[in-house]
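Only one structure is covered here, and it is reproduced in the block below.
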């Protein structure tokens, strides 16, 4: 009898030690490292979505939440921390943070999210599968559609574009904006920045020469978005944002982009799949679809610029900002 009891205890211990988090209250607790390059509403929403998705999947996890504050040296330090601490999965939100994790961590799953061009960032060589220990989600945008909408509604002939020169995703966005403007017959005036502190002056530099400003998924720009909104409001020039989450407090004439909380949920499900046994290399890069995009219209900003929003676009919008208040439609 004693021998049988000992064998049973050994087997139970072996199961507890060997298992990845399988879900449920009896699963082994896992450590998840989540790091974002900078703090702003969109990346915060993504971070929360990841945690909520793992909870829904029954993953018993503790989270090490880190913010690089826009500094690449800090991003590298966070990556080293996750590697030294042996987190079960390291998650990088936004391109610079994802690249830091992938460059540093080779024997722990790395999942990137909200990365515009993971191939250009050398995270993967194909969207059809992961690369080694790395896979994730891309938030590539229909840039040409955005600029066409901006042109048609706001009569844009000269477009301003602000971007961070050190962000791979922003350089990728710039190329798409340049191509779209060539195709649509729009003059482009672009201005790069290095840090969020540069944004206000960069906007002031170009605002008098453009009909409106377009911003992509640039994390440094969004971390100082109120400064840009103020410049556009004072100049009565429309601002088009490719990110809805950061526009919910008003100021962006139109925002059309992916819901970053939804992006977090999708990313969290990918992480759960890895914890339940899938290899990152076998998981294709996830692309958000048009059905996962939202439209926000700021009628206050439109009125300030003297622009009338077509009724059909108002009918399609999930969010309407008017009289200083945000209304969400089902």
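The values are calculated or read from the model by the stated rules, or taken from the named source; none is laboratory data. In this text, all values refer to a predicted model and were calculated from it rather than measured experimentally. Methodologically, a virtual Cβ is constructed for each residue, glycine included, from the backbone with ideal geometry; neighbour enumeration extends over all protein chains shown.
Some points to look at:
- Criterion violated by residue 174 - all others in (1) assigned to a helix (DSSP H, G or I); (2) touching a helix residue (DSSP H, G or I) at 6+ places or on another chain (Cβ under 8 Å) satisfied: (2)
- Beta carbons closer than 7 Å, at least 6 apart along the sequence or on distinct chains, pair a first residue in the stretch 178-207 that is in contact (Cβ under 8 Å) with a residue 40 or more places away in the chain and assigned by TED's automatic domain parsing to the domain that holds residue 165 with a second that is in a helix (DSSP H, G or I) and surrounded by fewer than 19 Cβ atoms within 10 Å (Cβ to Cβ) for 184/148; 207/235.
- Screening the candidates 297, 320, 309 for the property of being farther than 25 Å from residue 47 by Cβ and modelled with pLDDT under 95 yields one hit, 309.
- Screening residue 228 on (1) in contact with a strand residue (DSSP E or B) (Cβ under 9 Å, 6 or more places away or on another chain); (2) closer than 30 Å to residue 75 by Cβ; (3) at pLDDT below 95 shows it passes everything except condition (3).
- Residue check, residue 187 in contact with a strand residue (DSSP E or B) (Cβ under 8 Å, 6 or more places away or on another chain) and crowded, with 24+ Cβ neighbours inside 10 Å: no
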